[in-house]
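Colleague: Once you've had a glance at the structure underneath, I'll fire off some questions.
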Amino acid sequence: MTTQTRVYPVHLRGELSTPPGRWVWLFKWLLMIPHIFVLCFLSLASGVLTVIAFFAILFTGKYPRGLFDFNVGVMRWGWRVSFWSYSALGTDKYPAFSLDADPNYPADLEVEYPEKLTNWKVLVKWLLAFPHWIIVGIFQGGRGWGLISVLTIVNAVILLFTGKMNGDIFKLVMGLNRWTYRVYAYVFLMRDEYPPFTLEE
């Protein structure tokens, strides 16, 4: 099962392993720790670079390519860890410690590089995205326990007792993640196109 977005220039891929191990998900919280540690530092660096990109876009209309690639890489790394762990539990293949795209891993993320961005929009994207933030807040929840995590755990329990995940729940979880990452890309100034209010590809 593969899902990939085409409506918006943020392409989120997630391929459900058939089947993931029944018990592995019970221990992923522990295996996540090294990734969380590294991603904390990468996220701080990404935040600083986004501020630099803000001024670059404001004055030149360009997102410096090196900064863009790094920030997309951090998002990609975060998505792979999320897909492997409690935002999908889509695979048992341990994610790489890498910012680079990996066509051989079951999950990946791409954001199309914009050749030109509208200068003034960097001043208002955070405000324009407010309706999306409400929705994404429901998806993600406080401390990570939102609709995505709840549905993923429900699917994990189904996996535990039946040996396979429910494909419809997985598809819904992928749609919620897709929506979330479109909003991230918009708010982090990577695209000017307003994210659609849809779970569809």
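The values are calculated or read from the model by the stated rules, or taken from the named source; none is laboratory data. These figures come from a predicted structure and were not determined experimentally. Ideal geometry is used to build each Cβ from the backbone, glycine not excepted, and the neighbour counts take in all protein chains shown.
Colleague: Just to be sure before I move on: is Thr180 in a helix (DSSP H, G or I), buried (at least 19 other Cβ atoms within 10 Å of the Cβ) and out of contact with any Ser or Thr (no Cβ under 7 Å at 6 or more places or on another chain) in the structure I sent?
Modeller: Here the answer is yes, as Thr180 does meet what is asked.
Colleague: Next question. So Thr60 ticks every box in (1) loosely packed, with under 14 Cβ neighbours inside 10 Å; (2) modelled with pLDDT under 95; (3) hydroxyl-bearing (Ser, Thr, Tyr) but one. Which box is left unticked?
Modeller: Unmet for Thr60, out of (1) loosely packed, with under 14 Cβ neighbours inside 10 Å; (2) modelled with pLDDT under 95; (3) hydroxyl-bearing (Ser, Thr, Tyr): (2).
Colleague: So is Ile148 at negative phi and surrounded by 20 or more Cβ atoms within 10 Å (Cβ to Cβ) or not?
Modeller: yes
Here's the yes/no breakdown for (1) assigned to a helix (DSSP H, G or I); (2) surrounded by fewer than 15 Cβ atoms within 10 Å (Cβ to Cβ); (3) of a type in the set (Asp, Glu); (4) at pLDDT 95 or above:
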{"residue": "His132", "(1), (2), (3), (4)": "yes, no, no, yes"}
{"residue": "Met165", "(1), (2), (3), (4)": "no, no, no, no"}
{"residue": "Val173", "(1), (2), (3), (4)": "yes, no, no, yes"}
{"residue": "Leu176", "(1), (2), (3), (4)": "yes, no, no, yes"}
{"residue": "Ala185", "(1), (2), (3), (4)": "yes, no, no, yes"}
{"residue": "Pro195", "(1), (2), (3), (4)": "no, no, no, yes"}
{"residue": "Leu199", "(1), (2), (3), (4)": "no, no, no, no"}
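Colleague: Which pairs turn up if I take residues in region 77-102 that are within 18 Å of Asn177 (Cα to Cα) and polar (S, T, N, Q) and look for partners that are modelled with pLDDT of 95 or more and surrounded by fewer than 24 Cβ atoms within 10 Å (Cβ to Cβ) with beta carbon separation below 6 Å, at least 6 apart in sequence or on another chain?
Modeller: Ser85/Lys28; Ser85/Met32; Thr91/Pro106
Colleague: Scanning region 151-163 for residues that are over 10 Å from Trp25 (Cβ atoms), of a type outside the set (Ser, Thr, Tyr) and free of Cβ contacts under 8 Å to residues at least 12 places away in the same chain, which turns out surrounded by the fewest Cβ atoms within 10 Å (Cβ to Cβ)?
Modeller: Across region 151-163, the extreme among qualifying residues is Phe161.
Colleague: Hey, another quick one. Against the definition (in a loop (DSSP other than H, G, I, E, B), on the phi > 0 side of the Ramachandran plot and modelled with pLDDT of 95 or more), how does Leu99 come out, yes or no?
Modeller: no
Colleague: Residues Trp25, Trp79, Trp29: which one is in contact with a strand residue (DSSP E or B) (Cβ under 6 Å, 6 or more places away or on another chain) and either surrounded by fewer than 20 Cβ atoms within 10 Å (Cβ to Cβ) or outside any loop (DSSP other than H, G, I, E, B) (or both)?
Modeller: So the residue among Trp25, Trp79, Trp29 that is in contact with a strand residue (DSSP E or B) (Cβ under 6 Å, 6 or more places away or on another chain) and either surrounded by fewer than 20 Cβ atoms within 10 Å (Cβ to Cβ) or outside any loop (DSSP other than H, G, I, E, B) (or both) is Trp79.
Colleague: Can you run down the residue pairs with Cβ atoms below 9 Å, 6 or more apart or on separate chains, where the first is in region 20-34 and farther than 12 Å from Lys93 by Cα and the partner is at pLDDT 95 or above and among the β-branched types (Val, Ile, Thr)?
Modeller: Here the result reads Met32/Val81, each pair linking region 20-34 to a residue that is at pLDDT 95 or above and among the β-branched types (Val, Ile, Thr).
Colleague: For region 102-126, how many residues are more than 20 Å from Ser46 (Cβ to Cβ) and either in a loop (DSSP other than H, G, I, E, B) or of a type in the set (Val, Ile, Thr) (or both)?
Modeller: Number of matching residues: 8.
Colleague: Out of region 32-73, which residues are closer than 30 Å to Val157 by Cα, in a helix (DSSP H, G or I) and among the hydrophobic types (A, V, I, L, M, F, W, C)?
Modeller: Ile33, Ile36, Phe37, Val38, Leu39, Cys40
Colleague: Sticking with this structure for a sec: In region 96-136, which residues are within 23 Å of Ile169 (Cβ to Cβ) and within 14 Å of the chain's Cα centre (by Cα)?
Modeller: Selection gives Pro106, Ala107, Asp108, Leu109, Val136.
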